[in-house]
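Notes follow the structure.
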Amino acid sequence: MKKLALLLVLLMVLPFAACGPAKTPAVQPTAAPAVKELTIMWAQWDPADYLQKVGQLYEQETGIKVTVIQEPWGSFYNRVAAEWAAHGTAFDMVVGDSQWLGQAATQGHYLELTDFLKSEGIDKTVTEATLKYYGEYPTGSGRYWAYPTEGDAVGWAYRKDLFENPEEKAAFKARYGYDLDVPKTWEQLYQIAEFFTRPDKGLYGVAIYTQKDYDGITMGFENVFFSWGADWKDPKTNEVKGWVNSPQAVEALEFYRKLYAFAPPGSSNDFFAECNNHFTAGEVAMAMNYFAFFPALSNPATNPHASVTGFFAVPAGPTGQRFAALGGQGLSINAYISPERQEAAKAFIRWFASEEIQRKWAEFGGYTCNKNVLASEAFLKAQPYNPAFADTMQVVKDFWNVPVYGQLLEVVQRELQAYVVGGQGTAKEVLDRIAEEHDSILRQAGLIK
């Protein structure tokens, strides 16, 4: 979610105060002395700049130069895939998408890190959800191929001045019977969106993901899909029929289409940039987006409403379940580099994963997955969106990460956009088609027996 083309400017997370938990010493690097430099491939965006700052710290401590190679999001996967096809060694490590895990693991592109992460205790330092979705393949196997590096997920921004206005609060309570506040459930979010949708005043309730390209609308829909108790598959068998098109999934899709009615005109192909743009233009009361793009909303230079902008985590579905669509990436080692370079890469990860360096990573602006850092008072107070981020990273779920995930994703994108934006067919018909096509793709790939 994660493969994003052009990024809005991110602010650095403010340096932490000394009020957090006691620091643990950084693990001393033990890289092979013959290795004098390491390269890391990542997409071209601000977190890669932050990782380069971390690399400079590593060079100061070890004398080993770390270079972060940045590739535009639009060609990032293609460049990495070309290197995989050639069994190339142009990079030692790559911060790859969670959805790449299946292909990279089964085709031998990533070095397996299971024994390394477990023997060093690194697997215990990150949240369980991020280890599962950024590092593990197959799901539930306990085999790991990446260190969770850049956490991200979908959250919400809202206009505090609208929510806290006494006249608005009185009118809302008179209409709905409860106090206007940050929504605890999707039903409340829907009613708030309905309440603030005033076309004659140029104000609408929400900005949500609808983009057809790559994974935009899928990532938006997943927040209600999972929170309604639906899932893409049976976790044990990979069966999709009865799962993708379950009654809960149908209700969730109907809800997402109804919510789209409260988006501004011209919202038929919205993703991260458009959602932020609607918000900064004063067109919406609430905006969905990845946390990676919220720094721009707390910056007065990029958001005229920054002083009255608040943030909240995804609300709960009808039965109390609450899940957010996962973004972010994990750091993996190129399986084709020499054993000596592989050991040097492990030494870097060992150092990078230490709590002290994870605090530095977060200070620079990286979204750490370290449990202690996420829970620290210093982190929670550093930026207005950090408490919601820390909460959200406990309830994330992801799309497929099998080698044929791209084929599965194309089907979902096409069908969801046609229904939610185009109004074509019924939710049941759409999900039945997705289930049929997914079943065929997975059986051809040998993933359903």
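Only the coordinates and a few stated rules stand behind these numbers; no lab work does. Remember, predicted model here, so these are calculated numbers, not experimental data. Cβ atoms come from the backbone with ideal geometry, glycine included; neighbour counts cover every protein chain shown.
Worth pointing out:
- Counting charges near E340 (Lys, Arg +1; Asp, Glu -1) among other residues having Cβ under 13 Å from its Cβ returns a value of 0.
- Segment 94-123 and segment 364-390 have Cα centres lying 25 Å from one another.
- Principal-axis tilt of helix 247-260 within the chain, Cα atoms, nearest 10 degrees: 70
- Ranked by how many other Cβ atoms sit within 10 Å of their own Cβ, fewest first, the residues S119, S267, S298 fall in the order S119, S298, S267.
- Take every Cα pair under 8 Å whose residues are at least 6 apart in sequence, average their separation, divide by the length of segment 193-256, and the relative contact order is 22 percent.
- The relative contact order of segment 154-325, computed from alpha carbon pairs under 8 Å that lie at least 6 residues apart in sequence, is 38 percent.
- Calculated from the alpha-carbon coordinates, segment 122-219 shows an Rg and a Dmax of 19.7, 55 Å respectively.
- Alpha-carbon centroids, segment 257-303 and segment 191-234: separation in whole Å: 11
- Electrostatic dipole magnitude of the chain [Cβ: Lys, Arg +1; Asp, Glu -1; Cα centre; debye, to 20]: 320
- Neighbourhood charge, 11 Å Cβ-Cβ cut-off, centred on L259 and excluding it, Lys, Arg +1 and Asp, Glu -1: -1
- Counting every other Cβ atom within 10 Å of each residue's Cβ, Y178, Y367, Y256 order from fewest to most as Y178, Y256, Y367.
- Listed residues A252, A345, G142: farthest to the positive end of the dipole of the chain (Cβ charges): G142
- Whether segment 154-325 is rounded, prolate or oblate, judged on the alpha carbon gyration tensor where a/c under 1.5 counts as rounded: prolate
- Percent antiparallel among DSSP beta bridges (both partners in segment 154-325, rounded to 5): 70
- For the chain, relative contact order (Cα pairs under 8 Å, six or more residues apart, normalised by length) works out to 28 percent.
- Shape of the chain, Cα gyration tensor, a/c cut at 1.5: oblate
- DSSP bridge pairs, the chain: antiparallel proportion in percent, nearest 5: 60
- Annotation for N269 and A301: the two label points, set 7 Å from Cα along the Cα-Cβ direction, are 3.1 nm apart.
- Look at S354, S307 and count the other Cβ atoms within 10 Å of each Cβ; fewest to most, that gives S307, S354.
- Listed residue (G202, C275, N223) projecting farthest to the positive dipole end of the chain, Cβ model: N223
- Pairwise FRET efficiency - A85 versus E61, Cβ, R0 = 41 Å, nearest 0.05: 0.70
- Shown is the FRET efficiency for D115 and D439, computed with R0 = 51 Å from the Cβ-Cβ distance and rounded to the nearest 0.05: 0.90.
- Relative to the Cα centre, the charge distribution of segment 154-325, modelled as +1 at Lys and Arg Cβ and -1 at Asp and Glu Cβ, gives a dipole magnitude of about 140 debye.
- Within the chain, helix-based [θ] at 222 nm, where runs of 4 or more DSSP H residues each add -39,500 (n - 2.57), nearest 500: -12000 deg cm²/dmol
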